[in-house]
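A.B. asks: Before I ask anything, let me first share the structure, which is written out below as C-alpha cells.
The values are calculated or read from the model by the stated rules, or taken from the named source; none is laboratory data. None of these values were measured; they are calculated from a predicted model. Note: ideal-geometry Cβ built from the backbone for every residue, glycine included; neighbour counts use all protein chains shown.
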Amino acid sequence: MDSKQPPARVLICEDQKDAAESLAALLLLQGYNVLVCPDGRCAIDQAPQWRPDAAIIDADAALSSRYQTLLEVKGIGPRVAGSRPDDDFQRFVVAVQARHPWLGDSLARRLARAYGGRIAKLIGDAQSLADMGAEVGPGLHERELRYLRTHEWALSADDVLWRRSKLGLHYTPQQRDQVDAWMRSRIKTRALHAVKS
C-alpha cells in the first residue's frame with residue numbers, strides 16, 4: 001500500500017467468526033482499515049456511515065445474494081420493496097411472476113423459494129419456457145440443472161433431487177430416473193471433452 005494514501009476501508013460480511021477474524025487480521029497486517037459484520041443486514045446498516053472502499057461478502061452471510069447485498073452496501077440504486085425474498089415472500093413471488101409471466105404460478109413460486117435473489121442468475125436471458133430447455137422432470141428444466149451443476153456443484157441426480165431440493169419426494173421413480181439419465185449424460189459428455197482436450 002502507498003503510505004501517502006489513507007488506508008483503504010474494507011468491509012467484511014462473514015457469518016463464520018473464525019473466518020472473519022482471520023481475514024480481518026490478515027487485512028489489518030497489510031495496513032487496511034477493516035470492519036467486520038456478521039450478516040448482510042449489519043453490512044447494509046453500517047456501510048453508509050463507514051463508506052467502505054471494498055467489500056468481501058460471504059454468500060451465506062448475505063441477505064438474498066452477494067450481488068444484492070453489495071448493491072445495497074455500495075448504495076447503488078434504490079432498494080425496491082419486494083426485491084429481496086426476506087422482505088415479504090409473497091411480494092417477491094409476485095415480482096418474479098411480473099418479470100417472468102411465462103413461468104406460471106407454481107414454477108415461479110418453487111424457483112423463488114429455492115433460489116431467492118439468485119433466481120435472476122438462474123433464468124438469465126430466458127424469455128420463454130422454451131428458453132429454459134427441455135423439461136427433464138415435472139417443473140425441472142435443463143437450464144436449472146445446468147445452473148445447479150455450474151453454480152452449486154450438483155454432480156448427480158441425488159444432489160439435485162434430495163440435497164439441493166426435495167423434488168425427489170414428489171417425483172415418481174421413472175421421473176427420478178429421467179433426471180439421473182440427464183445428469184449422467186452430462187458427466188459422460190464432460191469426461192469426453194476432457195479426454196479430447
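A.B. asks: Restricting to region 13-41, name every residue that is among the charged types (D, E, K, R) and either closer than 26 Å to residue 117 by Cβ or not assigned by TED's automatic domain parsing to the domain that holds residue 51 (or both).
C.D. replies: Result: 14, 15, 17, 39, 41.
A.B. asks: So, one more: Could you run through region 136-186 and say how many residues are among the aromatic types (Phe, Trp, Tyr) and either in the same structural domain as residue 121 (by TED's automatic domain parsing) or in contact with an Asp or Glu (Cβ under 8 Å, 6 or more places away or on another chain) (or both)?
C.D. replies: 2
A.B. asks: Kindly indicate whether any position in region 111-120 is assigned to a helix (DSSP H, G or I), in contact with a helix residue (DSSP H, G or I) (Cβ under 6 Å, 6 or more places away or on another chain), of a type outside the set (A, V, I, L, M) and modelled with pLDDT of 95 or more.
C.D. replies: no
A.B. asks: When you scan region 52-70, do you find a residue that is surrounded by fewer than 18 Cβ atoms within 10 Å (Cβ to Cβ), at pLDDT below 80, polar (S, T, N, Q) and not in a helix (DSSP H, G or I), even just one?
C.D. replies: no
A.B. asks: A further question follows. Test each condition in (1) at pLDDT 85 or above; (2) in a helix (DSSP H, G or I) for residue 127 and report the one that comes out false.
C.D. replies: (2)
A.B. asks: Let me ask something else. When region 130-146 is examined, which residues are found to be assigned to a helix (DSSP H, G or I) and out of contact with any strand residue (DSSP E or B) (no Cβ under 7 Å at 6 or more places or on another chain)?
C.D. replies: Within region 130-146, 130, 131, 143, 144, 146 qualify.
A.B. asks: Run residue 82 past the list (1) at pLDDT 90 or above; (2) touching an Asp or Glu at 6+ places or on another chain (Cβ under 8 Å); (3) farther than 22 Å from residue 13 by Cβ and report the number of the one that doesn't hold.
C.D. replies: It fails just one condition, (1).
A.B. asks: Looking only at region 10-43, which residues are surrounded by 16 or more Cβ atoms within 10 Å (Cβ to Cβ) and assigned to a strand (DSSP E or B)?
C.D. replies: Across region 10-43, the qualifying residues are 10, 11, 12, 13, 34, 35, 36, 37.
A.B. asks: If you don't mind, there's one more thing I want to ask. Which residue pairs have Cβ atoms under 9 Å apart, sit 6 or more places apart or on different chains, and have a first residue in region 171-197 that is at pLDDT below 75 and a second that is outside any helix (DSSP H, G or I)?
C.D. replies: Within 9 Å, the pairs are 187/155; 187/156.
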